[in-house]
Amino acid sequence: MNELIDVHSHFVTEEYVAAATQAGHHLPEGMPAWATWSAEEHLALMDKAGIRTSVLSVSAPGTHFGDDARARTLTRRLNTYAAEVVARHPGRFAFFAALPLPDVAGARAEVGHAFDELGAVGVVLLSNAHGVYPGDRRYDDLYAELNRRRAVVFVHPLSSVENAQVALNRPSPILEFLFDSARAASDLVFGGVLTRFPEIRWVFSHSGGVLPLLADRMQLFRHLAGAPDGPPVTEQLAGLWYDIAGTPFPHAVPALVRAFGADRVLYGSDYCWTPLAGALGQIAAVDGAVQPPGNTWRGLTTRNAERLLPGLLGPAAAPHAGGCPHVTPSIA
């Protein structure tokens, strides 16, 4: 049985929960409670489910709660913590570094530290940062650096700033995340980011959300939306990578593959925000689905992940091109 590489998994710390709660995120994104996480519990899931490596990241609501200086400090501490976890469990974990957006200067500084000092394998952006979407020209300086590094950028969904008017008091991950992911991807296309910074490798979640259904419509109205001339929208979206966290079968993954192909499909568990039973159930659905011709979803997604993140090729994973971690392990 092929071992999986999980590009969509999360961690939380007591310090992070305290900071977010103090900022008013008592029930993050409408969820009934904060998730809990430990490396030991995560490893137990991985061993049971046949997951070789999990790439950790900070989920919604991110690390910026209104104050740039505090956001920079919290982001640095979380990234250092993640690097310590990786150092304690070589080959089992990697991490996408958090960035304190919409503070672009702080994010630019954190990119250098995360890659060159901590050994991050990519960075995580939220689908919007206090209402600033990723096609905004304010991010060009950050994107220039990420493009220079050929960085992997994992885009995690978040509620829109007007979410309270449309979510109808239901948790945002049910529906709103899928729409805001599409909004973020459309902003990259319509803002010309994908063509101006072609070396950035973007990863979107949840089988692309509603993107497979909207790609043709985006193409039809691209000039009305102010998009620059360039490759067809479907071609640009097919150049993104997509994890299959959530409910991949029977409908989401087939729709994704029909729209954009299968060579950039990745596995994602969404643990620890998806609890253990849900993560195991999702893996059972992946293993029990109709498999791709001449392959398995495990084999296909793992080989795709190895192309995207070649440093994860085995237990003795090579350092990321951005640099080796220079942290002293201090946690279990």
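The values are calculated or read from the model by the stated rules, or taken from the named source; none is laboratory data. Only a predicted model underlies this, so the values are computations on that prediction, with no experimental measurement involved. Because the Cβ atoms are built from the backbone with ideal geometry, glycine has one as well, and the counts that use them run over all protein chains shown.
If you go through region 11-32 one residue at a time, do you hit one that is under 16 Å from LEU276 (Cα atoms), part of a helix (DSSP H, G or I), in contact with a helix residue (DSSP H, G or I) (Cβ under 8 Å, 6 or more places away or on another chain) and not acidic (Asp, Glu)? No, the conditions are met nowhere in region 11-32.
VAL17 meets the stated requirement of being more than 18 Å from the chain's Cα centre (by Cα) and surrounded by 13 or more Cβ atoms within 10 Å (Cβ to Cβ). Taking the numbered list (1) touching a residue at least 40 places away in the same chain (Cβ under 8 Å); (2) over 22 Å from VAL124 (Cα atoms); (3) out of contact with any helix residue (DSSP H, G or I) (no Cβ under 7 Å at 6 or more places or on another chain); (4) aliphatic (A, V, I, L, M) in turn, ALA215 passes all entries but (3). Going by the conditions given, is GLU14 over 21 Å from GLY246 (Cα atoms), acidic (Asp, Glu) and free of Cβ contacts under 8 Å to residues at least 60 places away in the same chain? Considered against the rule, which asks whether it is over 21 Å from GLY246 (Cα atoms), acidic (Asp, Glu) and free of Cβ contacts under 8 Å to residues at least 60 places away in the same chain, GLU14 comes out as yes. Which of the residues belonging to region 20-30 are under 19 Å from the mean Cα position of the chain (by Cα) and touching a residue at least 60 places away in the same chain (Cβ under 8 Å)? Listed by number, the list holds a single entry, GLU29. Residues that are in contact with a Cys (Cβ under 9 Å, 6 or more places away or on another chain) and among the small types (Gly, Ala, Ser): does region 149-162 have at least one? Checked region 149-162: no residue is in contact with a Cys (Cβ under 9 Å, 6 or more places away or on another chain) and among the small types (Gly, Ala, Ser). Every condition in (1) farther than 25 Å from VAL123 by Cβ; (2) surrounded by 24 or more Cβ atoms within 10 Å (Cβ to Cβ); (3) not small (Gly, Ala, Ser) holds for PHE204 except the one numbered (1).
Screening region 226-332 for helices (runs of 4 or more DSSP H) wholly inside it with 1 or more residues that are within 18 Å of the chain's Cα centre (by Cα), at pLDDT 95 or above and over 15 Å from PRO212 (Cα atoms) returns the ranges 276-288, 297-308. Applying the criterion of being over 25 Å from VAL210 (Cβ atoms) and among the acidic types (Asp, Glu) to the residues of region 118-168, the residue that is surrounded by the most Cβ atoms within 10 Å (Cβ to Cβ) is GLU145. Within region 45-82, the set of residues being of a type in the set (Gly, Ala, Ser) and within 19 Å of ALA19 (Cβ to Cβ) comprises SER57, SER59, ALA60, GLY62, GLY66, ALA69, ALA71, ALA82. Any residue in region 119-131 that is of a type in the set (Ser, Thr, Tyr), in contact with a strand residue (DSSP E or B) (Cβ under 8 Å, 6 or more places away or on another chain) and closer than 24 Å to TRP37 by Cα? Yes, the conditions are met somewhere in region 119-131.
Restricting ALA279, ALA259, ALA289 to those that are touching a residue at least 40 places away in the same chain (Cβ under 8 Å), among the small types (Gly, Ala, Ser), in contact with a helix residue (DSSP H, G or I) (Cβ under 9 Å, 6 or more places away or on another chain) and under 15 Å from GLY50 (Cα atoms) reduces the list to ALA279. One residue alone among THR53, THR36, THR75 is under 17 Å from VAL124 (Cα atoms) and among the hydroxyl-bearing types (Ser, Thr, Tyr), and that residue is THR75.
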